[in-house]
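S.K.: One structure, as structure tokens, below. Some questions next.
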Amino acid sequence: MDKILVEGGHTLKGQVTISGSKNAALPILFSALLTDGRCTFTNVPGLMDVQSTCMLLQHLGAGVETEGDVVRVSAGSLNNFEAPYDLVRKMRASVLVLGPLVARLRKARVSLPGGCAIGARPINLHLKGLEQMGASIKLEHGYVEVETRQLRGADIYFEIPTVTGTENLMMAAALAEGRTILRNAAREPEIVALADTLKQMGADIEGAGTSVITINGRPMLDPTDVAIIPDRIETGTFMIAAAVAGEEVVLNNCQPDHLRASIDTLRLAGVNLKTGEGRIVVNGGHPVAGVDVTTQPYPGFPTDMQAQFMVLMSVAAGQSVISETIFENRFIHVSELRRLGADIKVVGKTAVVSGVPHLSGAPVMATDLRASASLIIAGLVARDTTEVNRVYHLDRGYQAIEKKFAAIGAAIRRVRA
Ligand code: EPU
């Protein structure tokens, strides 16, 4: 298995081009199933999760062509309605195929995604919404089987705002008969990006980005061309890396508006950040102070930035209280950060981080995508060498992360197994 070696203490300086957003690209690629022509998507990040999505689309009978950051999907004729265990096991977000498949073929058989390292991650709210829209749901042999004669619009309330749940039901509702209202919907920029794509395809959707989304269904959508929005979590990850280990680092092709809570929190900690049209300039290397943070659904501080922020707080002056409210087990990076010398105590959903003067390199194990990114950042500031194992998590969600870091001065390399 590949590993990444990071030698700490090298100053980051230069320009980074942010890639397209993983969590926007995945639902948008699946939305091609709602059309019967060829959709062209640009600025698609080169990630394992994108490859898994393309494999699943092909498995269903869609044509997929990839050329650099361009992916073309032709879903004119589909010959399969099943997302098998082997594909879903590789990527939980495969569950995003459920809404479009039921809408298009009126049936779907999708392997039930299990929990993952960060939590149980049920999909009950996706299923409850589909049921309200007139689908029957069975769980057999580890598969969710959904069938309907015709999806009908419904008034659906999410007990918890769920990102992929909102996306799944928005896609299902786009081809349902009548009006669907999604209440307490997730408001993430990726939801808006998907709604914009569906609207370009001819869907009638209002309110994406607020907690009430109204969709008037259509019989079929038209193919379209769409550029994927920049990845806000990749942007935030580089912001924090620059804050702990940088001089001037310029992040290009990003969308600062999507990172307001993270930018405000970093500024509060004393990080020098300037934002402009499509760019963020971080002047790192200054002392930072501990600040408290609680993860929240968008527009709050993202759970996907919590592990990276914890590294910043590990080398800040003073104490920081970090509360995780989205996932029940998203502190798995704590024990790895402790191996590097961080002083972190966890009580339930809260971590108390007391800043230490320095971290020191050690072998560590990546446990999930964002935790892996946090270990790389820790390696950049730790003395001597940090060896990050199980980096396949990183390849799922960060395009060429070690190359991007090396280009701005990090001493980082991948050792192929
Ligand atoms: N939840 C339920 N029932 C459901 C759905 C969700 O109880 O039917 C709960 C979850 O267990 C969790 C909360 O609701 O406690 C929110 O989960 P959500 O459904 O919003 O998460 P998700 O859609 O599975 C997406 C991102 C995650 C990101 C979360 C939260 C994608 C493909 N994934 O997951 O991204 O952490 O929203 O913002 O968009 C990552 O990129 O590393 C990642 C994990």
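The values are calculated or read from the model by the stated rules, or taken from the named source; none is laboratory data. Predicted, not measured: the structure shown is a model, and the values here were computed from it. Every residue, glycine as well, gets a Cβ built from its backbone with ideal geometry; the counts of neighbours run over all protein chains shown.
S.K.: List the helices (runs of 4 or more DSSP H) inside the stretch 289-403, counting only whole elements, that have at least 1 residues being more than 16 Å from the ligand (Cβ to nearest atom), more than 19 Å from Met1 (Cα to Cα) and not assigned by TED's automatic domain parsing to the domain that holds Asp69.
M.R.: 306-314, 333-339, 369-381
S.K.: Right, another one. What are the residues in the stretch 160-178 that are in contact with a helix residue (DSSP H, G or I) (Cβ under 8 Å, 6 or more places away or on another chain) and acidic (Asp, Glu), if any?
M.R.: If the condition is that a residue be in contact with a helix residue (DSSP H, G or I) (Cβ under 8 Å, 6 or more places away or on another chain) and acidic (Asp, Glu), then Glu167 is the only one that fits.
S.K.: Looking only at residues in the stretch 138-152 that are over 16 Å from Glu82 (Cα atoms) and surrounded by fewer than 20 Cβ atoms within 10 Å (Cβ to Cβ), which one is nearest to the ligand (Cβ to nearest atom)?
M.R.: So, considering only residues that are over 16 Å from Glu82 (Cα atoms) and surrounded by fewer than 20 Cβ atoms within 10 Å (Cβ to Cβ), the one nearest to the ligand (Cβ to nearest atom) is Arg152.
S.K.: Looking at the stretch 130-137, is at least one residue within 12 Å of the ligand (Cβ to nearest atom) and surrounded by 21 or more Cβ atoms within 10 Å (Cβ to Cβ)?
M.R.: Yes.
S.K.: Another question, then. Could you pull out the residue among Ile240, Ile332 that is aliphatic (A, V, I, L, M) and at pLDDT below 95?
M.R.: Ile332
S.K.: Further question: In the stretch 252-272, how many are of a type outside the set (Lys, Arg) and within 22 Å of Ser314 (Cβ to Cβ)?
M.R.: Qualifying residue count for the region: 12.
S.K.: What number of residues in the stretch 253-270 are within 20 Å of the chain's Cα centre (by Cα) and on the phi > 0 side of the Ramachandran plot?
M.R.: 1
S.K.: On to the next question. Just to be sure before I move on: is Thr275 over 30 Å from Leu34 (Cβ atoms), touching a Pro at 6+ places or on another chain (Cβ under 9 Å), outside any helix (DSSP H, G or I) and outside the structural domain of Glu167 (by TED's automatic domain parsing) in the structure I sent?
M.R.: yes
One line per residue, one yes/no per condition, for (1) within 16 Å of the ligand (Cβ to nearest atom); (2) crowded, with 17+ Cβ neighbours inside 10 Å:
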position	(1), (2)
Asp2	no, no
Val6	no, yes
Val16	no, yes
Asn23	yes, yes
Pro27	yes, yes
Asp36	no, no
Asn43	no, yes
Cys54	yes, yes
